[in-house]
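Read the structure below first, then the notes.
The numbers here are math on the coordinates, done by the rules we state, and not lab data. Remember, it's a predicted structure, so these values are computed and weren't measured experimentally. Cβ atoms come from the backbone with ideal geometry, glycine included; neighbour counts cover every protein chain shown.
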Amino acid sequence: MHVPLYQAKADFFRMLGHPVRIRVLELLQHGPVPVRDLLADIDIEPSSLSQQLAVLRRSGIVVSIREGSTVSYALAGGDVAELLRAARRILTELLAGQNQLLSQLQQADTTAAGVPAAGSLLTARGTPRPRP
């Protein structure tokens, strides 16, 4: 069955759509990490981490490495690390835009501070508002 490219991309991003999976990928950016270290860094139940690692492994985005009794995980390719860096850049730009908008709103509030609020006791003409 043929899957359109846009559907495959949506499935890929849906697979990434869990905070624990993103955190695991971030921790694996610098090389293989033993499961015990992932558990210590993420502070999650072992069974939950195991489920998230299985999703990442099935998708082919990470690989497991067994050395004796130690199991480590590593990124299957460097493109994943680049994707995370790109996501960080995009989020930085979005947040910078939001901070700029927040600053403009705060400046507008400061400028409007001399204008009576809607619940003020004065009408727009400056005359006393009748009490209810």
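In percent, rounded to a whole number, the relative contact order of the range 1-90 is 29, using alpha-carbon pairs under 8 Å and six or more apart.
Entry note, the range 41-90: relative contact order of 22 percent, from Cα contacts under 8 Å with a spacing of 6+ residues.
Hey, what number do you get for the chain at 222 nm if only DSSP H runs of n ≥ 4 count, each worth -39500 (n - 2.57), divided across all residues, to the nearest 500?
Roughly -19000 deg cm²/dmol at 222 nm, from the helical runs in the chain.
Compared with the direct C-alpha span, the chain from Ala76 to Gln29 gains 15.9 nm at full extension, assuming 0.36 nm per residue. Computed from the Cβ-Cβ distance with R0 of 22 Å, the FRET efficiency linking Ile90 to Arg57 stands at 0.25.
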